[in-house]
Amino acid sequence: MPDGSSPRGRSRGRLVVVSNRVPKGDVPAGGLIYALDEALRGTGGSWIGADEPGGDTSGGLRDLGPDPTGAYQRFAFPLSHAEQEGYYLGYSNSVLWPLFHHRPDLVAVSEGDFDHYVAVNRRVARALRDRLEPDDMIWIHDYHFLMLAHELRQMGVENRIGLFLHIPFPGPTDAMALPQVAMLPAWLAAHDLLGLQTERDVIAALELLRHDPHTELLNNGMLSRQGRTFSVRRFPIGIDAEGFARTAEAGVLPRLTLPTRDSPLLLGVDRLDYSKGLVKRFDAFGTYLAEHRDPDVKPTYLQIAPVSRGDVVAYQDIREDLERTAGSINGAHSTLDWTPIRYVRSHVDRDRLAALYRRADVALVTPLADGMNLVAKEYVAAQDPDDPGVLILSHFAGAAEQMTEALLVNPYDEAGFAAAIDRALRMPAAERRARHAALREGVFRDDVGHWAETFLDRLAEAPASLPLRMRAG
Ligand code: GDG
């Protein structure tokens, strides 16, 4: 626990990661969890995440023991069943998630949810405070903990604190649908560094802060709020490209029943979420079939969409919409040997998934809003550079800011989207190779290790600012 008077050192110190999920057993290969594990192995420290709901919330953190390599400690904070409802399914996933994905119409504010959000953030803050060393750097992840840093500052914690938000940042008009919008600037300013996925998210955050009478933009590009300086920057997340490419090459392709061995395969891989634009994607594929398809070609579109957050109403609605849409398109086009849309709701093993990416002629990554979208990067990493597939990518995925050599589409423009599917399926090999080579270079260069390193380097450089306690006096 810092004593408040100790100067903030320039060294990196230990790392304390807070995220909704913490691996309880082995660390899964690839993905964000893998990246955070890598970062923690380098620095040592601890990782705190949510426990299974139903635990004793009067106690502190549950010790999960060290990670399998013994480099860092793992802890779980308890959640009651009521907090799982109010904090996780409620405020986090029925208020913040839709709002930050530009869907204020789906925001479902239930009485008491925010109180649970405050209670959980406060409890995590207390538990963290009791374990901190003066040089520890705290790295908070995502919208489940927007007010955690603010709580820590109120408790006198002066350690460096960074937040990385994995999802988009709302524009000022959408943000107004948040009942607690007036608190947002103070929450954000409690960090030394706020990391976002894209330039447009940075602009949206700065726009919100510009309207806050207490926040000032300084000449050096930093911001100042009530004596504390902080910065808002872009850190586009990447993947473990080398690892994913190896898995894709070695992975065993699941047995697929396609009309012929060489029939074109289009692939979509998304958590079942309204932000991923699945209904619009099914509709665009239906339009492609009706208006562009060469009668000799029988393409199959395989959509893998494991169910997530099934307890939230908006997620049940999308499931029904999708089943109806797939049913009517298949009804119109299927033949004895061909079902154009295959829709799989179960989780697929990573090895098999990687092999499917490699086999797919086209990837459809067309969210309506998405912080980054790792599937776009995984697809590129998985391709055979000599005979790569084509990535169709929505302008609304954060990845579109970097991956400009993909076929970029507007998922709301059904005719344009259908024409892009046709173009992708007909694209000459030379063009496929040229686009893929450029995309691949970026995916391998700006990988997940680079993302974690640049964020932590920036956080370590954050200048000391006046502690809250001194300002209050
Ligand atoms: C959030 C932001 C941001 C999916 N189905 C299966 C499976 N997956 C894997 C994919 C990919 C991951 O899940 C999904 O990552 P995304 O980036 O697409 O999306 P979110 O889960 O919404 O993640 C997002 C991300 O955070 C990181 O900052 O990019 O914008 O919303 O890795 O491969 N994996 C396996 N089986 C499946 O069935 N094995």
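The values are calculated or read from the model by the stated rules, or taken from the named source; none is laboratory data. Just so we're clear, the structure is a prediction, and the values are computed from it rather than from any experiment. Virtual Cβ from ideal backbone geometry, glycine too; neighbours counted across all protein chains shown. The area values use the complete protein model at the heavy-atom level, side chains included, leaving out ligands, DNA and RNA. Shrake-Rupley method; radii C 1.70, N 1.55, O 1.52, S 1.80 Å.
The table below gives the values:
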read-out	value
Extreme residue, nearest to R440 (Cα to Cα), among residues of segment 204-253 that are open to solvent by 60 Å² or more (accessible area, probe 1.4 Å) and of a type in the set (D, E, K, R)	E242
Residue in segment 331-345 that is in the same structural domain as R435 (by TED's automatic domain parsing), within 15 Å of the ligand (Cβ to nearest atom) and out of contact with any helix residue (DSSP H, G or I) (no Cβ under 9 Å at 6 or more places or on another chain) present	yes
Options E431, E414, E401; residue that is among the acidic types (D, E), open to solvent by 50 Å² or more (accessible area, probe 1.4 Å) and over 24 Å from V279 (Cα atoms)	E431
Condition check for E249: part of a helix (DSSP H, G or I) and over 30 Å from R160 (Cα atoms)	yes
Residue check, T404 hydroxyl-bearing (S, T, Y) and away from the ligand (no atom under 16 Å from the Cβ)	yes
Of residues in segment 30-45 being outside any helix (DSSP H, G or I) and away from the ligand (no atom under 11 Å from the Cβ), the one surrounded by the most Cβ atoms within 10 Å (Cβ to Cβ)	G45
Set A419, A437, A369, A429: member being within 30 Å of W139 (Cβ to Cβ), of a type in the set (A, V, I, L, M, F, W, C) and either away from the ligand (no atom under 12 Å from the Cβ) or under 20 Å from the mean Cα position of the chain (by Cα) (or both)	A369
Options A186, A177: the member that is at negative phi and assigned to a helix (DSSP H, G or I)	A186
Test for D135: is it touching a strand residue (DSSP E or B) at 6+ places or on another chain (Cβ under 6 Å) and either at pLDDT below 95 or not in a helix (DSSP H, G or I) (or both)	no
Hits in segment 348-390 (condition: of a type in the set (D, E, K, R), under 22 Å from A400 (Cβ atoms) and free of Cβ contacts under 8 Å to residues at least 60 places away in the same chain)	none
So R200, is it basic (K, R) and within 16 Å of the ligand (Cβ to nearest atom)	yes
Evaluation of L218 against (1) in the same structural domain as P172 (by TED's automatic domain parsing); (2) in contact (Cβ under 8 Å) with a residue 12 or more places away in the chain (one fails), failing number	(2)
All positions within segment 262-278 that are open to solvent by less than 30 Å² (accessible area, probe 1.4 Å) and either basic (K, R) or modelled with pLDDT under 90 (or both)	K276
Qualifying residues in segment 279-330 (those that are more than 16 Å from the ligand (Cβ to nearest atom), of a type in the set (S, T, N, Q) and touching a strand residue (DSSP E or B) at 6+ places or on another chain (Cβ under 7 Å)) - the one most open to solvent (accessible area, probe 1.4 Å)	N330
Segment 331-370, subset under 19 Å from F282 (Cβ atoms) and out of contact with any strand residue (DSSP E or B) (no Cβ under 8 Å at 6 or more places or on another chain), residue least open to solvent (accessible area, probe 1.4 Å)	A369
Search result, residues across segment 47-59 that are surrounded by 15 or more Cβ atoms within 10 Å (Cβ to Cβ) and either of a type in the set (A, V, I, L, M) or more than 21 Å from S92 (Cα to Cα) (or both)	I48, A50
Test set (1) charged (D, E, K, R); (2) buried (at least 23 other Cβ atoms within 10 Å of the Cβ); (3) within 14 Å of the ligand (Cβ to nearest atom) - E158 fails condition number	(3)
Restricting segment 285-312 to residues that are among the aliphatic types (A, V, I, L, M) and over 25 Å from the mean Cα position of the chain (by Cα), the residue that is farthest from L353 (Cα to Cα)	A290
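Here is a yes/no grid of residues against (1) open to solvent by less than 10 Å² (accessible area, probe 1.4 Å); (2) outside the structural domain of G398 (by TED's automatic domain parsing); (3) in contact with a Lys or Arg (Cβ under 9 Å, 6 or more places away or on another chain):
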position	(1), (2), (3)
R122	no, yes, no
L148	yes, yes, yes
G162	yes, yes, yes
A175	yes, yes, no
L178	yes, yes, no
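Per-residue answers, yes or no, for (1) in a loop (DSSP other than H, G, I, E, B); (2) over 23 Å from K24 (Cβ atoms):
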position	(1), (2)
G49	no, no
G59	yes, no
L64	no, no
E85	no, no
G90	no, yes
N93	no, no
V109	yes, yes
R123	no, no
